[in-house]
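The values are calculated or read from the model by the stated rules, or taken from the named source; none is laboratory data. No experiment lies behind these values; they were computed from the predicted model shown. Because the Cβ atoms are built from the backbone with ideal geometry, glycine has one as well, and the counts that use them run over all protein chains shown.
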Amino acid sequence: MKSGWMEVALFDLGGVLVELTGVSTLLSWTGGQMGPEELWRHWLTSPNVRAFETGAMEPEDFADVLIAELNLPVQRAEFLDAFTHWPRGLFPGAMELISEIPRPIVRATLSNSNSLHWPRLMTEMGLSEAFDFHFASHLTGKIKPDKEAFEHVVLSLGSIPETILFLDDNQLNVDAALSLGIRAFRVQGVEESRFVMEQIGALRHPGA
């Protein structure tokens, strides 16, 4: 398959390009009462998480309500310190993968993020300059898996959904993108992302 249809390469960050420690931390705090899939589904649909990751709640308030919501055995300060460091760093090969996307394909991110994680992702991990556009939930006020988050990307870029490749590690988000005609794939990490992109001929090979 060739990538002549593709005009935009749209990436989720956590779990795709960025290694996260949050799931294992939360699972340990909840004493194994939830499995990883159940925990992710709860996270993506929690009104409190949605409020925080759309910029409508301060970090301290978010810590308090989530500790109560999940009955976590930690205090606010411990939660906020751990939460801030959930994004551990880029997966090996992440920057190389992005750099191999041939121009004029647009490079963009669509991420559910927040005021604690975003500065680390952009500055500390150097993702700010690696992409042409960033669509972060706490800045746009639109959050995955809501269709509005994807529609905002389509309208902002002036793109046709069928010309967008979207990679995300959560099936709820992939399904939402697919429902709009976006060509979406569930992947975990850089290796799976590379595999999908190589399958559709979306990478520039050295010397090409």
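Tabulated data for the structure shown
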| read-out | value |
| --- | --- |
| Selected residue (criterion: surrounded by the most Cβ atoms within 10 Å (Cβ to Cβ)) from residues of region 32-57 that are out of contact with any Ser or Thr (no Cβ under 6 Å at 6 or more places or on another chain), modelled with pLDDT of 85 or more and outside any helix (DSSP H, G or I) | M57 |
| Identity of the residue in region 187-201, crowded, with 20+ Cβ neighbours inside 10 Å and either of a type outside the set (S, T, Y) or not assigned by TED's automatic domain parsing to the domain that holds I98 (or both), that ends up nearest to the chain's Cα centre (by Cα) | V187 |
| Number of the condition not met by F166 [criteria: (1) in contact (Cβ under 8 Å) with a residue 40 or more places away in the chain; (2) surrounded by fewer than 17 Cβ atoms within 10 Å (Cβ to Cβ)] | (2) |
| Qualifying residue in region 177-199 (condition: under 24 Å from M57 (Cα atoms) and out of contact with any helix residue (DSSP H, G or I) (no Cβ under 6 Å at 6 or more places or on another chain)) | no |
| Selection count, region 85-103, where residues are outside any helix (DSSP H, G or I) and of a type in the set (A, V, I, L, M, F, W, C) | 4 |
| Residue check for V16: within 24 Å of V106 (Cα to Cα), crowded, with 17+ Cβ neighbours inside 10 Å, more than 14 Å from the chain's Cα centre (by Cα) and at pLDDT 95 or above | no |
| Helices (runs of 4 or more DSSP H) (entirely within region 124-189) containing at least 3 residues that are touching a Lys or Arg at 6+ places or on another chain (Cβ under 8 Å) | 147-157, 171-179 |
| So E96, is it acidic (D, E), loosely packed, with under 15 Cβ neighbours inside 10 Å and at pLDDT 95 or above | yes |
